[in-house]
Amino acid sequence: MKYKITNYWQGSKTIIEVDELKKEYNGLTAVKGVSFDVGRGEIFGFLGPNGAGKTTTISMLCTLLRPTAGHATVNGFDVARDKLAVRRSIGLVFQDPSLDERLTAVENLRFHAMIYGVPKADRDKRIPVVLELVELEGRQNDLVRTFSGGMKRRLELARGLLHQPKMLFLDEPTLGLDPQTRHHIWEYVHQLKIEEGLSIFLTTHYMDEAENCDRVAIIDHGQLIAMDTPENLKEEIGGEVIMLSTRDNRAAADEIQNKFALKAVEVNGELSLQVADGNHFMPRLIKGLETEVASISLRKPTLEDVFLKLTGRRIRDEKIEGIEQERTRRRQRGGRKV
Amino acid sequence: MRAALMGIYTLWLRDVTRFLRDRPRIISSAAQPLLWLFVLGLGLSTAFVRGGSPQYLRFIYPGIIAMSVLFTSIFSAISIIWDREFGFLKEVLVAPIPRWSVAIGRALGGSTVAVLQGAIILLFAPVVKVSFSVPQLIFAFIVMFMIAFSMTSFGILVAARMQTHEGFQMIMNFLLLPMFFLSGAMFPTNRGLPIWMNALVHIDPLSYGVDALREILVGMGRFSLFLDLGVIILFGTVMLSVGAYYFEKTE
Ligand SMILES: Nc1ncnc2c1ncn2[C@@H]1O[C@H](COP(=O)(O)OP(=O)(O)O)[C@@H](O)[C@H]1O
Ligand SMILES: [Mg+2]
């Protein structure tokens, strides 16, 4: 497997430093020694399919899981030794829901502020601010039980920001949300970065979301396989992507390999290949192929193509599979582990 | 230390807030002990005396209070497992407060709720012709709190080890009713029991709680009050320490 890391953020002050961090769950190595830094004020994204080890990495950085090997510091504090100091520095939105649904929105916030030691005066000032930020002022005295999924997510975001952390962790913050809410949440994230100077570490398996990050690390099977700005990652691919569907994709792929010395990968019934100059190549391709072409299109590369090139797979295909695995795992263990 | 105290207070406040909000639960949890007291208690007492023995009702009355406290305590401890399943536990575990303060906060919150629930049964004292002075009442509250605290701590210990509420319920079915029956809440345990049962009565920590409450409210205790209180406090402390230890280990 290719292992390529471009150290782009060198020179800037870092808020997270991770060195060969590793986690084993009895027998299974979920994170196989990852190293990276996150700069202050940076939006850093972990992109990878389900089961890649994103949540495990976040849990270690947040002191919820003890690393099997390697170390990491957050805001200068060691995550294994200085847990409370790390916890004071961070805000967190978990992948799974974590609100008390039998309390009202404002009670959830108040109790959070209390256990984070926010003084009462600040608490009374901050709560309306964060509620307004996520546009829940009108519902603050309603039980969380009555909220929609998107509202709960927004409330969790508000809660994560309440104690003014230096570093915000968002584990799949937009998972299962409608596009409008997703868009909204991204607006907040950018706003926070700019207005509060917050550093953000987030995970996602949505390619288009990863585009919003300053830097993206691609993780697969517990290993980082690339890390750079979205632009640079896409540039690596070079040129454009041709999507092609034919009568016999396997034959067509062989032909392309033989005649043009290009590698075409089949995903979801379509062949995809990366070329330098698509506009001129397309006519040559159609003329050269003996296999009948049903449709053909040209587009700019996305992070999906980067992932495809590095792994030979697509992220989203695995999503369904991954969720299935996750469900089975939960059922077997009969519940959710902390 | 400040953070730990704030953590304890917050978790306590959360339990109490949730309790006071849930009126139907308060009523339904009060209904069961009252049913035991007035229906089962009255029914059983007619086996000895025609028309029912007031003495028997007085005898089981402290036992029924202990029952109410016991069941509410265990019910509160289950909510840790719900918190785990609904994810809220994670929010608490990642907060900048020591884990042991989480265990203590929950234990205090659960105990407070259990004492309040037990106090509802206290209101029925005149009906069973039990009367007591203010110092007696205060002492009764202290003992109720001790029982509640040790039982909630015991529940928290079990809950900290359990991943699902089914598992918790299974364990509790094995322990809860035997603990209640052997505690002497419903019948005297000081004479005529088979040896094995007598041994279990002495092992059951609730025996001492019921005994203390009975001594204070109606003056029919069998052990010394010092032994009673000593055992409850010791049991509670050990349970909470072990529970807090497991909490510390939770990943
Ligand atoms: N508590 C656990 N016990 C055992 N295996 C786990 C546990 N949590 C996660 N895993 C496994 O570790 C791998 C990484 O999981 P995770 O970090 O949740 O991935 P992601 O967040 O990228 O979807 C998966 O194979 C998952 O099944
Ligand atoms: Mg995850």
Which is farthest toward the positive dipole end of the range B:2-249 among B:Ser68, B:Ile8, B:Phe38, measuring Cα position about the Cα centre, with Cβ charges +1 (Lys, Arg) and -1 (Asp, Glu)? B:Phe38
For the range B:66-73, in order, what is each residue's ³J(HN,Hα) by Karplus, 6.51 cos²θ - 1.76 cosθ + 1.60 with θ = phi - 60°, in whole Hz (x at glycine and Pro)? 4, 4, 4, 5, 4, 5, 5, 4
So what's the Cα pair-distance distribution over chain A, bin width 20 Å, in %? 28, 52, 18, 2
Residue-count net charge about B:Ala31 - beta-carbon cut-off 15 Å; Lys, Arg +1, Asp, Glu -1: +1
What is the spin-label model distance, in nm, from B:Thr46 to A:Asn26 if the labels are put 7 Å beyond Cα along the C-beta direction? 5.6
Please build a GNM for chain A, connecting alpha carbons under 10 Å apart, and tell me which residue among A:Leu109, A:Leu64, A:Leu170 fluctuates the most. A:Leu64
Alpha carbons only, please: Rg and Dmax for the range B:89-204, in angstrom. 17.7, 55
Charge dipole of chain A built from unit charges on the beta carbon (Lys, Arg +1; Asp, Glu -1), centred at mean Cα; most positive-end Cα among A:Val189, A:Phe111, A:Pro128 is A:Phe111
Of the residues A:Asp82, A:Asp122, A:Asp214, which exhibits the maximal mean-square fluctuation in a Gaussian network model of chain A defined by a 10 Å Cα contact cut-off? A:Asp122
Based on the Kirkwood radius over alpha-carbon pairs, what value in µm²/s does the Stokes-Einstein equation return for the translational diffusion coefficient of the protein assembly as shown at 4 °C and 1.567 mPa s? 47
Tell me the net charge near B:Leu157. Cut-off is 14 Å between Cβ atoms, B:Leu157 excluded, with +1 for each Lys or Arg and -1 for each Asp or Glu. +3
With springs connecting C-alpha atoms under 10 Å apart, model chain B as a Gaussian network and identify which of B:Ala31, B:Ala125, B:Ala95 has the largest mean-square fluctuation. B:Ala95
Using a simple spin-label model with points 7 Å from Cα along the Cα→Cβ vector, what separation in nm is obtained for A:Lys259 and A:Val293? 0.9
Looking at the protein assembly as shown only, what percent of DSSP beta bridges run antiparallel? Nearest 5 please. 65
In the range A:14-233, what percentage of the DSSP-assigned beta bridges are antiparallel, given to the nearest 5? 55
Using the crude model of +1 on Lys and Arg Cβ and -1 on Asp and Glu Cβ, and no other charge, please compute the dipole size for the protein assembly as shown relative to its Cα centre, in debye to 20. 2060
What is the distance, in nm, between label points placed 7 Å from the Cα along the Cα-to-Cβ direction at A:Leu84 and at A:Asp277? 6.6
Taking other Cβ within 10 Å of each residue's Cβ, how do A:Ser199, B:Ser131 sort, fewest first? B:Ser131, A:Ser199
Do you know the relative contact order of the range A:239-300, to the nearest whole percent, from alpha carbon pairs under 8 angstrom that are 6+ apart? 53
Three-way shape label, the range A:239-300, alpha-carbon gyration tensor, a/c 1.5: rounded
Once you have the alpha carbon radius of gyration of the range B:2-249, what is it after dividing by 2.2 N^0.38 Å, with N set to its residue count? 1.02
At 222 nm, what value in deg cm²/dmol follows for the protein assembly as shown if DSSP H runs of at least 4 each add -39500 (n - 2.57) and the sum is divided by all its residues, to the nearest 500? -18000 deg cm²/dmol
Estimated dipole of the range B:69-163 in Debye, rounded to 20 [Cβ of Lys and Arg +1, of Asp and Glu -1, Cα centre]: 120
If you place +1 on the Cβ of every Lys and Arg, -1 on the Cβ of every Asp and Glu, and leave all else neutral, what size is the dipole of the range A:14-233 about its Cα centre, to the nearest 20 Debye? 880
Rounded to the nearest 5, the percent of DSSP beta bridges in the range A:239-300 running antiparallel is 100
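Read-outs throughout are calculated quantities, based only on the coordinates presented, and are distinct from any laboratory measurement. Remember, it's a predicted structure, so these values are computed and weren't measured experimentally. Heads up, the Cβs are rebuilt from the backbone with ideal geometry, glycines too, and the neighbour counts pull from every protein chain shown.
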